[in-house]
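The values are calculated or read from the model by the stated rules, or taken from the named source; none is laboratory data. Nothing here was measured: the structure is a model prediction, and the numbers come from that model. Methodologically, a virtual Cβ is constructed for each residue, glycine included, from the backbone with ideal geometry; neighbour enumeration extends over all protein chains shown.
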Amino acid sequence: MGYSAAWALTVHNFLEGLRARWVIVYTVVFFMLAINVPMLVLISARYLPPDYLEAYLAGLMALSFPFLPLLSLPLGATSIVDEKENGLLEYTLSQPISRLSYLIGKLAGLFLSTTLVVLGGYLIAAFLSYGAKIGQMTTILPMLGAATLLNTIMLLLGLLLSIVSDRKITAMMMGIFLWFLFTVLSDIGSLSILVSIAGAAPIVLVIAALNPVEAARLLGVYGIKNVGFTELGSIGLILRQLVGEGAPIFILSVQLIWVGVLLLLCINLFVRSEIF
Amino acid sequence: MEVLVADNVKKNYGRHTALDEVSFNAKQGEVLGILGPNGAGKTTLIKCCLGLLDFDGQITVDGIDVKTAGAVARARMGYVPQRTTLHDKLSIIDEVKLIGRLKGVNDNHRFREILERLGFWERRKSPVGSLSQGMKQKLMLGLTLLTEPDILLLDEPLSSIDIEGQISLLHQLDEIKKEDKSILISSHIVGMGSVIDRVLVLNRGEVVAFGGVEEVLGKLHIRNKLYIKLHQGDAHDDDLVNVLRENNVYSVQSMEGWLIIECDSKDKAKLIASIFEHGIRPEDIVSEALSLERHYYELIKG
């Protein structure tokens, strides 16, 4: 019974996720971002070199990854608390399902719908607009993997906010603040200062680990062959200097730890805490 | 047979005691009313029964502990919350399918059967959000029946629906009761007196009274009354009083030509027959049944 209930909730949340107004708007904007109209003009005019795809992907990640959290973070942040506010959570949990089944159904459904939007946006852009071949998938895969990981982390972070919040507006505001923190504050403020201070470079390891958006971008960039120092950015360069060839493994481990810790926190808080 | 047993249930919200050693049981085929004013602990008690809240003490449904096997116990229960919240964007049929699957039912014939029984089949593709509060409540009540539960828990079912909805609900409850299911209804307004078999009265988290309606009211010295008006010269009051005493009445009072007799409801017919057997022909007889509504305030004060 537990399995079928979790599956029923997964399907329901997947479809609800795709139907959400925010997801529809985001999909259109994200797709426009992914196809990058100026680049299309350059391609059609044959101004780009044959290996433009790798250089383009690095640019695309720098451009689109900061906006990826804007899909899953608000969607996750409002999901449970919204049902808490309107009484649906109480009604759903009064059915013969466990809280864990509910959470798995919610997480899996939202994960599938947001991942579909993200991967769909990149893949459609790659195949339709840039005429990418199946053989070039190895070039695109690291970006897709990094995007999926980032999406998962942001979704879990959003769900965590949703679990601990009593009001939808509070969860939403905290989600937007975190997005601002990851994409703006940590980038232009502390990081540039730290990099410029001699001896402070190792702290970059911690800063990179604490910012999943920047870490995801680096993970994607490390996966591209012949990547230039401008694509790596100052943090990527310092990381490569500090960790050497192990930099991608370090970043991947950090991202997986984010997923693991957030998942455990979500389960622990949701299953054990007094919700009503 | 006891379907639900609560033993010394205690629930605190911080320093506030919402339930204080509440014990009761619900028997198969009976309607148990949980009465009390706002803040008495009725909703908290229902949520504890469903295993939605942590609490001290024990609650079992068909012998299954709701704390250790909540999902299994909930499979034996159906719940209609105070707020009639469903997925407003889903169609009625999709809502039934979703809740059915959460209950472990994935049978299209059963879904159709329930919708036809509720009268929703023709409009099954309409969004749930287009239904009135009363209709939503009717749908939620129908959804509880998807799995043939042993006990239904209804939290303040009359509070948000109009008179027509209330009458329809009472009719539905009567039908469900005939299927030998237990029904547990909480209410701060009474209104359910006609369907309630036993009553649990709560006030500030404590049990004020528990038992059959007549028994509970009897403890407060509130009893059934029989009013008898005699023809002038038909019989002396003293003769009649002697007849009544033979029939275990609680008290007899005389007022403006009427005799007011307090007795058990089961004895009323025998009492009237006995009066006629003694050759007394009353001008009028009025029987007043016990009423939870009338004695609500005396009840909650204990």
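Quick notes on this one:
Residue-wise test of (1) touching an Asp or Glu at 6+ places or on another chain (Cβ under 9 Å); (2) over 18 Å from B:Ala6 (Cα atoms); (3) modelled with pLDDT under 95.
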| residue | (1), (2), (3) |
| --- | --- |
| B:Ala26 | yes, no, no |
| B:Gly33 | yes, no, yes |
| B:Pro37 | no, yes, yes |
| B:Lys47 | yes, no, no |
| B:Asp65 | no, no, no |
| B:Ala73 | yes, no, no |
| B:Ile92 | no, yes, no |
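- Scan region B:155-188 for residues that are crowded, with 22+ Cβ neighbours inside 10 Å and of a type in the set (Val, Ile, Thr) and the total you get is 2.
- Taking the listed residues A:Ser4, A:Ser44, the one that is more than 21 Å from A:Leu157 (Cα to Cα), within 14 Å of another protein chain (Cβ to nearest Cβ), of a type outside the set (A, V, I, L, M, F, W, C) and out of contact with any Phe, Trp or Tyr (no Cβ under 9 Å at 6 or more places or on another chain) is A:Ser4, with no other qualifying.
- Yes/no for A:Ser79 being free of Cβ contacts under 8 Å to residues at least 24 places away in the same chain, closer than 24 Å to A:Cys266 by Cα and in a helix (DSSP H, G or I): no
- Answer residue from region A:160-184, given it is in a helix (DSSP H, G or I) and either on the phi > 0 side of the Ramachandran plot or among the hydroxyl-bearing types (Ser, Thr, Tyr) (or both) and is nearest to the chain's Cα centre (by Cα) among those: A:Thr183
- Of everything listed in (1) surrounded by fewer than 19 Cβ atoms within 10 Å (Cβ to Cβ); (2) within 21 Å of B:Leu169 (Cβ to Cβ), the single unmet condition for B:Pro81 is (1).
- Region B:26-75, residues that are within 11 Å of chain A (Cβ to nearest Cβ), small (Gly, Ala, Ser) and buried (at least 17 other Cβ atoms within 10 Å of the Cβ): B:Gly51, B:Gly70, B:Ala71, B:Ala73, B:Ala75
- None of A:Pro96, A:Pro74 is of a type outside the set (A, V, I, L, M, F, W, C) and more than 14 Å from chain B (Cβ to nearest Cβ) except A:Pro74.
- Per the listing A:Ser190, A:Ser162, the residue uniquely out of contact with any His (no Cβ under 6 Å at 6 or more places or on another chain), modelled with pLDDT under 95 and polar (S, T, N, Q) is A:Ser190.
- Filter pass, A:Lys106 being buried (at least 22 other Cβ atoms within 10 Å of the Cβ), within 14 Å of chain B (Cβ to nearest Cβ) and basic (Lys, Arg): yes
- All positions within region A:133-159 that are within 16 Å of A:Leu73 (Cα to Cα), over 10 Å from the mean Cα position of the chain (by Cα) and not aliphatic (A, V, I, L, M): A:Gly158
- Assessment of region B:110-125 against the conditions (under 25 Å from B:Lys47 (Cα atoms), among the aromatic types (Phe, Trp, Tyr) and in contact (Cβ under 8 Å) with a residue 24 or more places away in the chain) yields no matching residue.
- Of the residues contained in region A:57-70, none is found to be surrounded by fewer than 23 Cβ atoms within 10 Å (Cβ to Cβ), modelled with pLDDT of 85 or more and on the phi > 0 side of the Ramachandran plot.
- Which numbered condition A:Asn36 fails, given (1) closer than 24 Å to A:Leu161 by Cβ; (2) touching a residue at least 40 places away in the same chain (Cβ under 8 Å); (3) crowded, with 19+ Cβ neighbours inside 10 Å; (4) of a type outside the set (Phe, Trp, Tyr): (1)
- A:Leu107 being in a helix (DSSP H, G or I), of a type in the set (A, V, I, L, M, F, W, C), out of contact with any His (no Cβ under 9 Å at 6 or more places or on another chain) and over 28 Å from A:Tyr56 (Cβ atoms): yes
- Test: residue in region A:131-144 that is touching a Cys at 6+ places or on another chain (Cβ under 8 Å), crowded, with 18+ Cβ neighbours inside 10 Å and at pLDDT 90 or above: no
- Residue that is modelled with the lowest pLDDT, among those in region A:1-26 that are buried (at least 18 other Cβ atoms within 10 Å of the Cβ) and β-branched (Val, Ile, Thr): A:Val23
- For the criterion of being under 23 Å from B:Leu102 (Cβ atoms) and either modelled with pLDDT of 90 or more or in the same structural domain as B:Leu102 (by TED's automatic domain parsing) (or both), B:Leu169 fails.
- Among the residues of region A:113-132, those that are farther than 30 Å from A:Glu274 by Cβ and within 15 Å of the chain's Cα centre (by Cα) comprise A:Thr115, A:Leu116, A:Val117, A:Val118, A:Leu119, A:Gly120, A:Gly121, A:Tyr122.
- Taking the criterion of being of a type in the set (D, E, K, R) and more than 7 Å from every other protein chain (Cβ to nearest Cβ), the residues of region B:90-114 that qualify are B:Asp94, B:Glu95, B:Lys97, B:Asp107, B:Arg110, B:Arg112, B:Glu113.
- Residue check, B:Ile151 buried (at least 19 other Cβ atoms within 10 Å of the Cβ), in contact with a strand residue (DSSP E or B) (Cβ under 6 Å, 6 or more places away or on another chain) and more than 14 Å from chain A (Cβ to nearest Cβ): no
- Within region B:189-219, tally of residues that are loosely packed, with under 15 Cβ neighbours inside 10 Å and either assigned to a helix (DSSP H, G or I) or modelled with pLDDT of 80 or more (or both): 3
- Any chance A:Leu265 is at pLDDT 75 or above and within 30 Å of B:Leu45 (Cα to Cα): yes
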